[in-house]
Each structure stands twice: as C-alpha cells, then as structure tokens.
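These notes concern the structure reproduced below.
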Amino acid sequence: MIAIGCDHAGFELKEAIRKYLEENNIEYKDFGTYSTDSVDYPVFAYKVADSIVKEECERGILCCGTGIGISMAANKVKGIRAAVCSDEFCAEMTRRHNDANIICLGGRVISEEMAVKLADIFLHTEFEGGKHLKRVNMVTDIENGKNIL
Ligand code: RB5
C-alpha cells in the first residue's frame, strides 16, 4: 500500500501520481488534500508519515510547492526517511543507498510527467543494504539521541 499526500501547491502532482497508480493497479491510500484550496503541508506530511511508521503503508509520496517543507515535516516523525527529489538519479539513489521511505516532490519545481517518472523509479528500486544499511542505522541512532562519534 502506497500513501500519497500533498498540500494545495502539490495537488496537481499528486493527482498525476494518483492516475499513474490507478493505471498500474498499485494500491494506494490518498490522505489529501483534495483541492487547490490553501492548507498547511505539515498536516499531510504527518498523515502519510504516520501511516508508514504504523506499517499501514510501505512507502509514501508527498508533494508540496518545493517538496522541501513537506519533507522537513515528515522527517520529524521517527522512522521516516523522506527525500526531496527532482531528477531520476536522486530518486534511484535515495532508494538504493538511503532506503528512503518517502519521496517528496515540488509542484512548483518539476512537471507532472517528471513527477510520475520519479514516483515510478522510487517505487521500483530496492535498497542495496550492506554498507548502506550500516549508515542508515547510524541515522536511526542519531534520531534516537545516541552519540555516534
Ligand atoms: C505553499 O505556498 C508552500 O509554501 C508549500 O507548498 C511548500 O513549498 C513549502 O515548503
């Protein structure tokens, strides 16, 4: 199950991604927002992030104007690794090396076509593990207040 969410500035991208998920028979839960009326992005970041840490959804896709604010909010939730991406290389590498569980996209930065491309890469690329797992675990240690030095 894929969680999707956005604010008003990411609404069109979210809709394009929703269409892609529908067409590809990928199960998703749409946490809103559902129009271009102005809303607060942390609400939707939290809803999507919470569904992932509660294991109701495996991965998430969040959209706001830049992808930045919504990623900052999502990354405050323990267990979330949210990555802002605007190109194919980063979308691939954040799965392979960072085991990102949320991709964040900017409706004022990239096209709908690019957003769908990045979502597709994000959903179909696996984490490499190995030395990258050690590093991802170190990030979790920092999150848990451990001194990793
Ligand atoms: C909304 O205008 C905008 O601030 C928001 O979508 C996002 O870009 C924040 O980071």
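The values are calculated or read from the model by the stated rules, or taken from the named source; none is laboratory data. Values in this document were obtained by computation on a predicted structure and should not be read as measured data. In this analysis, Cβ positions are derived from the backbone assuming ideal geometry, glycine residues included, and neighbour counts consider all displayed protein chains. For accessibility, only protein heavy atoms count, side chains too; no ligands or nucleic acids. Shrake-Rupley method; radii C 1.70, N 1.55, O 1.52, S 1.80 Å.
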Quiz item: Just for strands (runs of 3 or more DSSP E) wholly inside region 1-112: which have at least 1 residues that are of a type in the set (A, V, I, L, M)?
Solution: 2-6, 59-64, 82-84, 102-106
Practice problem: List the number of the failed condition for ILE70; all other conditions in (1) of a type outside the set (Ser, Thr, Tyr); (2) under 20 Å from TYR28 (Cα atoms); (3) away from the ligand (no atom under 16 Å from the Cβ); (4) in contact (Cβ under 8 Å) with a residue 40 or more places away in the chain hold. | Solution: (3)
Quiz item: How many of the residues in region 1-51 are open to solvent by 70 Å² or more (accessible area, probe 1.4 Å), away from the ligand (no atom under 15 Å from the Cβ), acidic (Asp, Glu) and in contact (Cβ under 8 Å) with a residue 24 or more places away in the chain?
Solution: 1
Practice problem: Would you tally the residues in region 52-67 being away from the ligand (no atom under 16 Å from the Cβ) and closer than 18 Å to HIS8 by Cα? | Solution: 1
Quiz item: Among the numbered criteria (1) open to solvent by less than 40 Å² (accessible area, probe 1.4 Å); (2) touching a residue at least 40 places away in the same chain (Cβ under 8 Å); (3) part of a helix (DSSP H, G or I), which single criterion is violated by VAL139?
Solution: (1)
Quiz item: Considering only residues of region 113-136 that are without any contact (Cβ under 8 Å) to a residue 24 or more places away in the chain and in a loop (DSSP other than H, G, I, E, B), which is surrounded by the most Cβ atoms within 10 Å (Cβ to Cβ)?
Solution: GLY129
